[in-house]
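Asker: Provided herewith is a single structure, encoded as structure tokens, for subsequent inquiry.
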Amino acid sequence: MANSVSNNSLKTASANIHRASVCKNTPRTGDYLELCKIKVVALLVLTALVGLALAPDMGRGYFVQTLSLLGIGLLSASAAVINHIVDNKIDAKMVRTKNRPLVRRVVSRQQALLFSAVIGTLGFVLLVFAANWLTAQLTLFSLVGYAFIYTIFLKRATPQNIVIGGLAGAMPPLLGWVSETGVLAAEPWILVMIIFTWTPPHFWALAIHRRADYAKAKIPMLPVTHGVDFTKTCVLLYSLLLAIVCCLPFLIHMSGYLYLTIAILINVVFIYKAARLKLSDQSYGALDLFKYSIIHLTILFIALFLDKAFL
């Protein structure tokens, strides 16, 4: 009788553990949104919107323009999911990323792959029908550049990983422009250049703050391979270069004085924070600069949009 009760208790406990395990591994909507890096994608879509808004008016309706931006966003999200899959083992070693869905195993590798394929295919189809083939192809190339060339090869191969790989993440303004016009032009490359120049100080500030994590994961980020002080110097020099590049839209008459005024103000703050980081001990101010850089790019592109829309 005692053995029977004991066996029943063990079966009940086993069933409860199994149910808890199933519950724990059931993905939620928030887990999939986290895989998409939804905040990063939102910023990319904002820059694509500005590229679209600055392009010559081709008489396309708001509906197809919205579908075009959605397509760019979905392919960007698909690339982010692939990044999670490829970097799963690295993420488990880093404090900043150890709670990502794949690391916690609330989303399986197969579920993530299927999710990436579905949203990526949907995004490509939207761009083909709502925009044009050129936009669909360029966006797909950007996905390949970020998710495969950068994540699989460059990130692990060179401390200049973020400089070279930054081009893929800088493409959305060009994609927005081409979705409207169907052709490449010189003007949107200025917007690409802004993000391309912004990317190194943005990521290097984070890399300084998380140097120990990158060293532990054996990722050759600049602070790991060349030291924190050298990286601080690079951040400051890039912040000065960024301030110059941000003036180019005004100089080629893409924007007016509203944009120029805002660009100067926010870049002065950027340079100040970069200089403070350079003069500080160790990594003091690195996280502050990283957070501000996101605000900086957001305000910069909103200023471009407002300048175009209301002046």
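Asker: Is it fair to say residue 5 is surrounded by fewer than 20 Cβ atoms within 10 Å (Cβ to Cβ), at pLDDT below 95 and either under 15 Å from residue 107 (Cα atoms) or aromatic (Phe, Trp, Tyr) (or both)?
Answerer: no
Asker: Filter segment 87-112 down to the residues that are within 19 Å of residue 28 (Cβ to Cβ) and over 19 Å from the mean Cα position of the chain (by Cα) and list them by number.
Answerer: In the first step, residues of segment 87-112 are kept if they are within 19 Å of residue 28 (Cβ to Cβ); the result is 88, 91, 97-112.
Passing the criteria: 103, 104, 105, 106, 107, 108, 109, 110, 111.
Asker: While we're here: So in segment 259-298, with the set limited to residues that are closer than 21 Å to residue 233 by Cβ, surrounded by 14 or more Cβ atoms within 10 Å (Cβ to Cβ) and polar (S, T, N, Q), which one is nearest to the chain's Cα centre (by Cα)?
Answerer: Step by step, filter segment 259-298, then rank; the result is 293.
Asker: If you go through segment 30-65, how many residues are assigned to a helix (DSSP H, G or I), over 20 Å from the mean Cα position of the chain (by Cα) and of a type outside the set (Gly, Ala, Ser)?
Answerer: The qualifying residues number 5.
Asker: Residues to consider are 75, 102, 69; find the one that is touching a residue at least 60 places away in the same chain (Cβ under 8 Å) and touching a Lys or Arg at 6+ places or on another chain (Cβ under 8 Å).
Answerer: Being touching a residue at least 60 places away in the same chain (Cβ under 8 Å) and touching a Lys or Arg at 6+ places or on another chain (Cβ under 8 Å) holds for just one of 75, 102, 69, which is 102.
Asker: Going by the structure shown, is residue 57 of a type in the set (D, E, K, R) and under 18 Å from residue 33 (Cβ atoms)? Step through it out loud before you land on a result.
Answerer: On the way: of a type in the set (D, E, K, R): yes; under 18 Å from residue 33 (Cβ atoms): no.
For residue 57, the condition - of a type in the set (D, E, K, R) and under 18 Å from residue 33 (Cβ atoms) - is not met.
Asker: Residues 144, 106: which one is assigned to a loop (DSSP other than H, G, I, E, B), at pLDDT 90 or above and out of contact with any Leu (no Cβ under 9 Å at 6 or more places or on another chain)?
Answerer: 106
Asker: So, in segment 125-137, of the ones that are in a helix (DSSP H, G or I) and buried (at least 20 other Cβ atoms within 10 Å of the Cβ), which residue ends up farthest from the chain's Cα centre (by Cα)? Before the answer, list the steps.
Answerer: Step one: filter segment 125-137 for residues in a helix (DSSP H, G or I), giving 125-130, 133-137.
If we keep only those that are buried (at least 20 other Cβ atoms within 10 Å of the Cβ) too, we end up with 126-127, 130, 135-136.
Details: 126: 21, 127: 20, 130: 24, 135: 19, 136: 19 Å.
Restricting to residues being in a helix (DSSP H, G or I) and buried (at least 20 other Cβ atoms within 10 Å of the Cβ), the top hit is 130.
Asker: Which of the residues spanning segment 256-288 are among the hydroxyl-bearing types (Ser, Thr, Tyr), in a loop (DSSP other than H, G, I, E, B) and free of Cβ contacts under 8 Å to residues at least 60 places away in the same chain?
Answerer: 280, 284
Asker: Identify the single condition in (1) buried (at least 16 other Cβ atoms within 10 Å of the Cβ); (2) farther than 23 Å from residue 150 by Cβ; (3) modelled with pLDDT of 95 or more that residue 64 does not satisfy, given that it satisfies every other one.
Answerer: (1)
Asker: Out of all the residues in segment 233-244, is one or more under 23 Å from residue 154 (Cα atoms), at pLDDT 95 or above, over 22 Å from the mean Cα position of the chain (by Cα) and not in a loop (DSSP other than H, G, I, E, B)?
Answerer: Yes, that holds for at least one residue.
Asker: For segment 197-228, how many residues are in a helix (DSSP H, G or I), surrounded by fewer than 20 Cβ atoms within 10 Å (Cβ to Cβ) and free of Cβ contacts under 8 Å to residues at least 24 places away in the same chain?
Answerer: 2
The values are calculated or read from the model by the stated rules, or taken from the named source; none is laboratory data. All values reported here derive from a predicted model rather than from experimental measurement. All Cβ positions, even for glycine, are placed from backbone atoms using ideal geometry, and neighbour counts span all protein chains on display.
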